[in-house]
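The values are calculated or read from the model by the stated rules, or taken from the named source; none is laboratory data. Everything numeric in this text was worked out from a predicted model, so none of it was measured. Because the Cβ atoms are built from the backbone with ideal geometry, glycine has one as well, and the counts that use them run over all protein chains shown. Side chains are part of the model used for accessible areas, which takes the heavy atoms of the whole protein and leaves out ligands, DNA and RNA. Shrake-Rupley method; radii C 1.70, N 1.55, O 1.52, S 1.80 Å.
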Amino acid sequence: LKFIFGPSAVPALDLVDRRSVTRVTSPSGRTAYQVLGSSGKLYTCYSSCHFCTCPAFGFTVLQKSESLLCKHILAVYLSQAMGAYQELTVSEEQLTSILLAEEEDEG
């Protein structure tokens, strides 16, 4: 994994080992993932469109194109493959609040 994903592999596996990945699902079937980062901050990841709200994703992936993903997105993919994520079912309103909270943090 380290050969393929570089320096993100070991920290991503650590996040999976610590059960830091939560799949958040609403009754309509909309899904997002929340990953508790090593800094203690909660990041929202979207595996369907390959996006994470962390600063490393914005800088390393989007701006500099130095990597294809951050450790949080990789942790989501690994946890999906291993079935090693926590489950949280929320209402549509709660999921909307989660998604809007991320926008407010960025704006």
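Surface listing: F3, F59, F51 arranged by accessible area from highest to lowest gives F3, F59, F51, probe 1.4 Å.
Computed with a 1.4 Å probe over protein heavy atoms only, the accessible surface of the range 6-89 comes to 51 Å² per residue.
Helix-only arithmetic for the chain: the sum of -39500 (n - 2.57) across DSSP H runs with n ≥ 4, divided by the residue total, places the mean residue ellipticity at 222 nm at -11000 deg cm²/dmol. Each residue, L100 and E87, gets one label point 7 Å from its Cα in the Cβ direction; the gap between the two is 2.8 nm. Taking all protein chains as present, what is the carbon and sulfur share of the accessible area of the chain, in % to the nearest whole number, probe 1.4 Å? C and S atoms contribute 58 percent here.
Given DSSP loops and a limit of at most 13 other Cβ atoms within 10 Å, what is the longest stretch of the chain that contains no such trypsin sites (Lys or Arg not before Pro)?
Numbers: sites that count: R18, R19, K41, K64.
Result, exposed sites excluded: 65-107.
About its Cα centre, the dipole of the chain is roughly 480 debye, where the only charges are +1 on Lys and Arg Cβ and -1 on Asp and Glu Cβ. Summarising the strand pairing of the chain, around 75 percent of its internal DSSP beta bridges are antiparallel.
For the range 6-89, the residue among L15, L68, Y46 whose Cα projects farthest onto the positive side of the dipole built from Cβ charges is Y46. The length gained by stretching the chain between V10 and C49 to full extension, at 0.36 nm per residue less their Cα-Cα distance, is 11.7 nm.
Rounded to a whole number, what is D in µm²/s for the range 6-89 from Stokes-Einstein with the Kirkwood radius over alpha-carbon pairs (4 °C, 1.567 mPa s)?
On the way: Rh = 12.7 Å.
Stokes-Einstein gives a translational diffusion coefficient of 102 µm²/s.
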